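Any read-out appearing in this document is the output of simple, stated calculations on the displayed coordinates, not a laboratory observation. All of these numbers come straight from a predicted model, not from anything done at the bench. As a convention, Cβ positions derive from the backbone with ideal geometry for all residues, glycine included, and neighbour counts pool all protein chains shown.
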Amino acid sequence: MGMRERQPSPSPGSAQRVMDPVGHVNLAYVEPAHLPRWLAGSRTYPLAVVSFGSPLSLPVRCPVVHLDLPQLDGPRHCEVWSTVQSVRSYQTGNFSAAVSGDVLFGSISMPEVPAALLDHTTEMAYRDIFRQIGPLGFTHLWRIWNYFPRINEEEHGLERYRRFCVGRHQALAETLPDFPSSLPAGTAVGTRSGPLQIYFLAGAHPVTHIGNPRQVDAYNYPSSYGPRSPSFARATLCRSEAAMQLFIAGTASVVGHESRHQGQPDRQARETITNLQVLIDRAECFEDVPQTQSLFKIYLRNPEHIDLVRRTLQETPLMRSSRLLFLQGDLCRKELLVEIEGLVTRD
Ligand code: 3EB
């Protein structure tokens with residue numbers, strides 16, 4: 001079952017890298033046509049690229065993930081993960097990974113077959129992930145993203161998101177030491193089409209997962225939201241010598257465990273920002289360093305809401321000073337219209 005190892009990425013200007021901080025990943029939203037120039041200019045190696053909407057061919061050797069989530073604003077951008085250390089890429093069947101220093105980016109794509117329900121497909125995908133990352137030595141999940149189509153449709157009497165939660169819970173509760181406190185920050189968003197796609201960052205060492213005092217931990221949601229609770233943390237804090245990174249899970253207009261502001265995208269956006277700000281303020285208790293860079297992906301159920309939501313976000317200094325990417329995606333509760341995830345880096 002050997003993995004096929006790809007050639008290491010080219011290393012322009014590697015002599016200049018020694019001063020760069022190690023132990024953290026870079027994230028940027030980059031226009032595909034600018035990718036080679038951006039990589040050379042940033043003096044980083046690509047770890048992975050995520051594209052949105054229709055697939056496109058990208059001039060990189062690292063894992064590439066295509067998500068059918070149309071971008072709603074401006075010229076098309078890709079999510080580019082890169083590092084200052086060299087990268088090794090692996091590919092086997094439906095799993096690909098890239099390793100750099102103490103971080104691994106992994107991606108798995110599971111086609112759904114008519115005979116299998118989504119809970120089963122999800123459980124298999126998560127078990128595969130652990131089968132792959134264990135031997136590589138990256139056993140600690142840091143951040144995970146989940147995407148699949150028809151998220152709010154019923155499948156044999158249970159909503160597909162809830163089936164997904166059942167399968168994820170089954171695999172993670174059995175596999176993760178210290179479940180649920182070791183659960184990573186998560187995202188689960190509905191695509192227009194495609195297989196079950198999961199991508200993640202994993203590390204050789206553990207990191208800190210944190211909750212949001214305004215929200216019930218998702219893994220403690222009451223069973224009215226489904227037979228198994230959603231297995232994710234509100235945020236994950238990764239600290240290295242040089243930087244602090246806060247990975248913020250998909251965050252919505254949920255207070256306690258209840259959805260707020262049904263039918264009102266602007267109010268949902270404001271409530272979501274309050275949730276984000278509370279998480280960031282909490283994480284800042286851990287560190288006190290000045291420079292901040294933040295990026296957020298904003299998922300909208302309804303593309304017509306973009307102008308209203310964008311105006312609402314511009315009211316806040318946090319969002320005004322951040323890179324934003326608007327995507328159309330279905331959210332895991334029918335009444336949710338906006339969800340925001342992000343990465344805040346302080347170095
Ligand atoms: C919520 O707070 C909103 O199931 O992985 C956000 C982020 C949500 C991740 C997941 C679900 C997930 O419950 C929904």
Report summary line: A correct fewest-to-most ranking of THR274, THR139 by other Cβ atoms within 10 Å would be THR274, THR139
Report summary line: Per DSSP, the loop-located trypsin sites (Lys or Arg not before Pro) within the range 187-278 having at most 14 other beta carbons within 10 Å are ARG192
**Report entry** Rel. contact order, % - alpha carbon contacts under 8 angstrom, at least six apart, the chain
**Finding:** 16 percent
Report task. If a/c stays under 1.5 just call it rounded; otherwise compare a/b with b/c (prolate if a/b is bigger, oblate if not). Do that for the range 182-266, with a ≥ b ≥ c from the square roots of the Cα gyration tensor eigenvalues. Result -> prolate
Requested in this report: Report, in debye and to the nearest 20, how large the dipole of the chain comes out about its Cα centre when Lys and Arg carry +1 and Asp and Glu carry -1 on their Cβ.
Outcome: 480 debye
Query raised in the report: Cα extents of the range 25-154 along the three principal axes, largest first, in whole Å?
Result: 48, 38, 22
Query raised in the report: Sorting TRP38, TRP81 on the 10 Å Cβ count, fewest up front, what's the list?
Result: TRP38, TRP81
Report summary line: Here the gain from full extension of ARG76 to THR208, 0.36 nm per residue of separation minus their alpha-carbon distance, amounts to 44.2 nm
Report summary line: Subtracting the Cα-Cα distance of ARG37 and ARG311 from 0.36 nm times their residue separation yields 95.5 nm
Report task. Please report, in cubic angstrom per residue, the volume enclosed by the convex hull of the alpha-carbon atoms of the chain. Result -> 131 Å³
Report summary line: From DSSP H assignment alone, runs of 4+ in the chain each adding -39500 (n - 2.57), the sum over residues rounded to the nearest 500 puts [θ] at 222 nm at -7000 deg cm²/dmol
**Report entry** Simple label model, 7 Å out from Cα along Cβ direction - SER193 to SER224, nm
**Finding:** 3.8 nm
**Report entry** the range 221-333, relative contact order in percent, only Cα pairs under 8 angstrom and at least six apart counted
**Finding:** 20 percent
Requested in this report: Specify which residue in the list THR44, SER109, VAL309 is farthest towards the positive end of the charge dipole of the chain, using unit charges on the beta carbon of Lys, Arg (+1) and Asp, Glu (-1), about the Cα centre.
Outcome: THR44
Query raised in the report: Between GLN262 and SER57, how many nm apart are label points set 7 Å from Cα along the C-beta direction?
Result: 5.0 nm
Report task. Compute the relative contact order of the range 143-279 as a whole-number percentage, counting only Cα pairs closer than 8 Å that sit 6 or more residues apart in sequence. Result -> 25 percent
Query raised in the report: Expressed in nm to one decimal, what extension gain is obtained for the pair SER321 and ARG127 from 0.36 nm per residue of sequence separation less their Cα-Cα distance?
Result: 65.9 nm
